[in-house]
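The values are calculated or read from the model by the stated rules, or taken from the named source; none is laboratory data. Since the model is a prediction, treat every value here as computed from it, not as a measurement. When we count neighbours, we look across all protein chains shown, and the Cβ atoms used for this are built from the backbone with ideal geometry, even at glycine. SASA here: full protein model, heavy atoms, side chains in, ligands and nucleic acids out. Shrake-Rupley method; radii C 1.70, N 1.55, O 1.52, S 1.80 Å.
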Amino acid sequence: MSTLDRAAVVRATAGRRLCGHPGAAIEVHDELTSTNDRAAALGREGAPEGSLVVALRQTHGRGRHGRVWSSPPGGLYLSLVLRPDDAMIRRLPATLLAGLAVAEAIDATATTGAKTRFVRADLKWPNDVHMGGRKVSGILGELTRDAGGALLVLGLGINVSTDSAALPPELQATATSVAEARGEAPDVVALLAAILERFEEHYDAVRRGGGATILAAASARMPVLGKGVRVRLVDRVLEGRAAGLNATGGLIVETAAGQRETVVAGEVEEVRST
Ligand code: BTN
């Protein structure tokens, strides 16, 4: 099992275009309030795209919709500094690419030890990663603008070998870790390297206009597609069948009346037909 420190991350990212290119910062901290806060500060100071902040635990980890992201030791907490242009922002959301990269990296670093059960990493729209129906990873994208253009801080939290007893009681029924789902923990440095590699490939592909293969790969990991869903939107609840993803990663919901609506944000739950 490798130790997650700066030297290991420098070795794991050497020669890559995004994280690892000369000039991009790499920071690994034992503890931070939030890697997103540290990456945003670096971005405001002019850190280039690909700069990376990793922490082994966070004291004020943040989730989507103002929630707390519980960040005990055993998890992997990282944030990337990205500087997408407007065309890139209008294409596929980087959060979807990150969720896909995490799911692919988890599968790619599965161990083959005697205790391992292979449990595939799935995506819960829009970008949570689940194993065996429980959440192992969430993504938080925070976009701001300054004189230099857009600054996107992309934060990824992964419960790698987190003891679920260390998570808040209200999460224990719905969250797990890769190690608990699979019986054995992946090597955390190999997992981080695989996430960054997969994300860079997807990000570059989208930049070149190649979103279709990524949508197909993401769709193939979304068990909810084709099933009945209830989507909690800000102002209402939408029910229907999850028919697929549109070209920018929105969820297409087909209602019982045969109408198609595309949602870009919301909490999706599967509804079993009676
Ligand atoms: C969610 O599912 O609500 C998103 C969770 C995102 C958590 C990560 S951990 C690294 C980065 N730093 C934070 O404070 N949040 C993100």
Inset, instruction - Kindly report, to the nearest 10 Å², the accessible surface of Met88 as traced by a 1.4 Å probe over protein heavy atoms only. - result: 10
Legend entry - Most mobile of Arg145, Arg241, Arg38 in a GNM of the chain (Cα contacts under 10 Å): Arg145
Legend entry - Taking region 153-246 and dividing mean pair separation by its residue count, relative contact order in percent (alpha carbons under 8 Å, at least six apart): 15
Inset, instruction - Taking H placed 1.01 Å from N in the peptide plane, check which residues at least 5 places from Lys227 or on another chain put their amide H under 5 Å from its amide H. - result: Ala242
Legend entry - Solvent-accessible ranking of Thr95, Thr59, largest area first, probe 1.4 Å: Thr59, Thr95
Legend entry - Dipole magnitude of the chain, debye to nearest 20 (Cβ charges: Lys/Arg +1, Asp/Glu -1, about Cα centre): 480
Inset, instruction - Compare Arg64, Arg232, Arg207 by solvent-accessible area with a 1.4 Å probe and give them largest first, with all protein chains kept in place. - result: Arg232, Arg207, Arg64
Inset, instruction - Among Val153, Leu92, Leu140, pick out the residue whose Cα is farthest towards the positive end of the charge dipole of the chain, where Lys and Arg carry +1 and Asp and Glu carry -1 on C-beta, about the Cα centre. - result: Leu92
Inset, instruction - Scan the chain and note any complete DSSP helix (H) whose C-alpha atoms cover at least 15 Å along its axis and whose Kyte-Doolittle average is -0.5 or more. - result: 94-108, 188-207
Legend entry - Under 14 Å, Cβ to Cβ, from Arg230 - net charge with Lys/Arg +1 and Asp/Glu -1: 0
Legend entry - Bins of 5 Å from zero: percent of alpha-carbon pairs in the chain: 1, 6, 13, 17, 19, 17, 14, 8, 4, 1, 0, 0
Legend entry - the chain - mean residue ellipticity at 222 nm from DSSP helices (-39,500 (n - 2.57) per run, n ≥ 4, rounded to 500): -8000 deg cm²/dmol
Legend entry - Principal axes of region 110-247: Cα extent on each, largest first, Å: 48, 38, 30
Inset, instruction - Under 12 Å from the Cβ of Gly249, count the other residues' Cβ atoms, weight Lys and Arg +1, Asp and Glu -1, and hand me the total. - result: +2
Inset, instruction - With springs connecting C-alpha atoms under 10 Å apart, model the chain as a Gaussian network and identify which of Val129, Val119, Val81 has the largest mean-square fluctuation. - result: Val119
Legend entry - Solvent exposure ordering (accessible area, 1.4 Å, most first) of Trp125, Trp69: Trp69, Trp125
Inset, instruction - Let me know the charge dipole size of region 144-274 about its Cα centre in debye, to the nearest 20, where only the beta-carbon of Lys, Arg (+1) and Asp, Glu (-1) is charged. - result: 540
Legend entry - Heavy atoms of Thr33: accessible area, 1.4 Å probe, square angstrom to 10: 70
Inset, instruction - Take the solvent-accessible surface of the protein heavy atoms, probe 1.4 Å, and return the percent of it on region 134-245 that carbon and sulfur atoms account for. - result: 54
Legend entry - Under Karplus coefficients 6.51, -1.76 and 1.60, residue-wise ³J(HN,Hα) of region 235-250 in Hz, glycine/proline x: 10, 6, 10, 10, 10, x, 10, 6, 8, x, 9, 8, 5, 10, x, x
Inset, instruction - Would you kindly derive the ³J(HN,Hα) couplings of region 57-74 from the backbone phi angles with the Karplus curve 6.51 cos²θ - 1.76 cosθ + 1.60 (θ = phi - 60°), listing them in order in whole Hz, with x for Gly and Pro? - result: 7, 10, 8, 9, x, 10, x, 6, 6, x, 7, 7, 10, 4, 10, x, x, x
Inset, instruction - Would you kindly find the accessible area of Phe199, with a 1.4 Å probe and non-protein molecules such as ligands, DNA and RNA excluded, rounding to the nearest 10 Å²? - result: 10
Legend entry - Local electrostatic count at Ser164 - Lys and Arg +1, Asp and Glu -1, tallied over other residues with Cβ under 15 Å: 0
Inset, instruction - Let me know the whole percent of all Cα-Cα pairs from region 30-93 that are separated by more than 14 Å. - result: 60
Inset, instruction - Counting only heavy atoms of the protein chains, get the accessible area per residue of the chain (1.4 Å probe) and round it to a whole Å² value. - result: 46
Inset, instruction - Using Cα positions and a limit of under 20 Å, work out the lysines in reach of Lys124, with same-chain residues fewer than 8 apart set aside. - result: Lys135, Lys227
